[in-house]
Amino acid sequence: MSKSILESVQYLKSVGPKRAKLFSEIGINTIYDLLFYFPKRYIDRSTILDSKKVREYISKGYTGEITIIGKVIDTSSISYGRKRIFKVTLSDPTGKFELVWFQGIKYFKDVFQIDQFYAVSSKPVISKYNHLQFMHPDFDRIVDEENYNFLNTGKIIPFYTIPQKIKNKSIGELGIRKIIGAAVEIYSDSIADTIPNFILKKYDLMELLETIKTMHLPSSYEMLKKAQKRLKFEELFFIQILVALRRKKIFSKKKDKPFTTNADLIKKFLHCLPYELTKDQKKVLKEIRSDLESRVPMNRLLQGDVGSGKTLVALIAMLITIGNGYQAALMVPTEILASQHCRTFKNFLKDFDIEVIDVTGSNSSRERKSALQKLKSEAKLIVIGTHALFEEKIEFMNLGLVVIDEQHRFGVAQRGRLIDKGITQNVLVMTATPIPRTLAMTVYGELDVSIIENKPGGILPIKTVYRKDNKLDSIYKFIGEEIDKGRQCYIVYPLIEESEKIDLKAAEIYYEKLKNYFSKNITVGLLHGKMNADEKDSVMSEFAEGKINVLISTTVIEVGIDVPNASIILINDADRFGLAQLHQLRGRVGRGEAHSYCILMSKYELGKSIDFSSEDFEYLSNAEIERNKASIRLAAMVKFGSGFDLSEIDLKLRGPGNIFGSQQSGLPELIFADIIHDYDLLVLARAEAQAIIESDPQLKKEENFSIKKNLIACYSENIKLSNIA
Ligand code: ADP
Ligand code: MG
């Protein structure tokens, strides 16, 4: 009988119950887990230099990372005044070199022992005493036997990450390799491929068994690359199978009635507009219209940078809906935004016989009762609300369209629930969060996508600058001058949750100060999340009407707020904000015809300037990114106006980690594939996955059986999260 790789590792002869318990502490329970416990990195003889070569490289101006191997001949810790450093001296056949640490001295002291061999990687430097040095390098101990093998056969050495607690229990590099080696031998018959054969052939992908063997002991870099490619493909492929299943599910319903577009109604509306629709607005409207007029439900994502004019598109889609005798709803993330949209819509629709109401948590009980009554009985109705509107049991007469604004604030699961509830058959999701294409194909992969690329014409680019906060006086002076010209200004104060109270106080003190700072004819207002809805509403209206010139605000204005006459946004402690958030905040200005400015303030000196187009940025090490995150963000804001460019940098800054927000998206995190660099592979995996689910949605065909089996074995949690029955 063939063995199963889902058996516990304890049945391996070299493991047993005691070691099995240790393994389980690092997440290895089954043979499967063990087989997929791949090395964290590999070192290849051909890429290793000796110390003489390294010196030559440095003298030629090479500044990249280098790997070198040597034997420990001395360790010492040295004090310079109050500073201490730890130094390890190693030798190789061509000379000596040193590893230097300024931190973690206690730890490293115990690590390095005389006569041990180490492989070391980092950027080398020559000290002023002409010593070859590596500061805070990565290092791996090379066990003697390997060293011997390595020097003689030149094969690639894999290095595993072995947690200290396991090392202490005497399972080292060599031990784990032997255990895994044995498992591969014994269980090789039970490793069934997870990707259908015809796909493996089509893209020349390595089979699973060989992939596992190669990952643990690659015969060459070429083979290693092939194995890694197969794993990346597999990962992207199964994510795309999940996406395709979800898509199949949400598009499978048939509509009661496809809409028709009442051209006269739309014409009349367009006639009332103070401007023409942009080319892009027309383009996406055509796409939306054809969805509404089709028998298939609409599930569409409308992506467009901040200020691109999405609201108007949504409003016209709602008009079409109402023209067909159905109600329409707009879901927004904040109450401030709900009131703003309510005002805008009422204003746009004043010559139409259409009622616009908002339903938020702060309605009085009387307002609420009357709103609920209208939802039940009035057809020509647009309702605007926060997510609470749909979470409770509210009866709609006939909801023909739901638009979700600023989707990124809701999370994919919420969107999914809404679609699944079947409240409506047409869903339009709008987002300004610029996300790279790769991510869009995954997180929004089940939706059709429309994109607004260009903002309404006549809008000038926003000038973004960075200033240290000792420049505040001259900046206030500048703001005063702009206000004299008739402009308005936002001043943003960061509000961080843990210290909300203190920050709020700071904002209030700041407000008092500024009130006195500006001349008497300048009105300063304050807006923060702790105010009640009516207070917020009245401050926002006053600002929108131009009665308030300077609005001091927390990030409650972050999304969606639209006051075209506001042309300056000053962001205090800008280093505390994330890139997406900064871009959203900046999007509050640049909505009118005046020159707009975004001023980023911080206590800190902006680090050395960063050349984003250079290879150096592409290959900045994680440590450097970590150290410079804030200044990279600010420099990126100054350099890039487009959310799309910023999104790629943001992804890089956030690093692999929790890219999808798996709890929200129901998608597993990527382990092997890289969301930016593996774009080509993603496109292939997506096409294959879609074709398979299209022709065999239940995965009943024999050739697809391996997919079904693996879905059940490895992705059942994700199936549950993304609500694919
Ligand atoms: P967002 O896409 O960020 O939601 P909005 O819908 O708030 O953008 O629109 C941004 C601004 O552009 C608003 O002030 C809106 O009135 C204006 N706008 C929208 N469409 C046009 C157009 N076709 N021409 C000129 N201005 C427009
Ligand atoms: Mg908007």
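Take the Cβ atoms of T47 and I719, set R0 to 35 Å, and the FRET efficiency comes out at 0.25.
Extension gain for K282 to Y679 (0.36 nm times residue separation, less C-alpha to C-alpha distance): 140.0 nm. For D204 and D351, the difference between the fully extended length at 0.36 nm per residue and the C-alpha to C-alpha distance is 46.6 nm. Where in region 188-229 is the amide nitrogen less than 17 Å from a point lying 7 Å along the Cα-to-Cβ axis of K700? So the set is empty, nothing qualifies. As a check on your grasp of the helix formula, calculate [θ] at 222 nm for the chain: sum -39500 (n - 2.57) over DSSP H runs of n ≥ 4, divide by the residue count, round to the nearest 500. My calculation for the chain gives -13000 deg cm²/dmol from helical runs alone. Shown here for region 28-124: GluC sites (Glu not before Pro) in loop regions (DSSP other than H, G, I, E, B) with at most 15 other Cβ atoms within 10 Å, namely E65. Legend: calculated FRET efficiency, M135 to V465, from the Cβ-Cβ distance at R0 = 45 Å, rounded to 0.05, equals 0.85. Taking all Cα pairs closer than 8 Å and separated by 6 or more residues, the relative contact order of the chain comes to 12 percent.
Here is the tail figure for region 180-289: Cα pairs spaced more than 24 Å apart come to 56 percent of all pairs.
Per the Kirkwood formula applied to alpha carbons, region 47-154 shows a radius of gyration over Rh ratio, Rg over Rh, of 0.96.
Compared with the dominant principal axis of the Cα atoms in the chain, helix 221-251 is inclined by about 30°. The simple Förster model, with R0 at 25 Å and r as the Cβ-Cβ distance, assigns E545 and E378 a FRET efficiency of 0.30. Here the Kirkwood formula, the inverse mean of 1/r across different C-alpha pairs, assigns the chain a hydrodynamic radius of 29.7 Å. In this label model, D534 and R295 are separated by 5.3 nm, measuring between points 7 Å along each Cα→Cβ vector. When DSSP beta bridges are restricted to pairs lying wholly in the chain, around 40% turn out antiparallel.
Against the chain, whose longest principal axis comes from its Cα atoms, helix 705-714 is set at around 90 degrees. Axis of helix 310-323 versus longest Cα principal axis of the chain: the two differ by about 60°, to the nearest ten degrees. Distance from the C-alpha centroid of region 235-301 to that of region 503-538: 42 Å, rounded to the whole angstrom.
Read-outs throughout are calculated quantities, based only on the coordinates presented, and are distinct from any laboratory measurement. The structure displayed is predicted, hence computed values, not measured ones. All Cβ positions, even for glycine, are placed from backbone atoms using ideal geometry, and neighbour counts span all protein chains on display.
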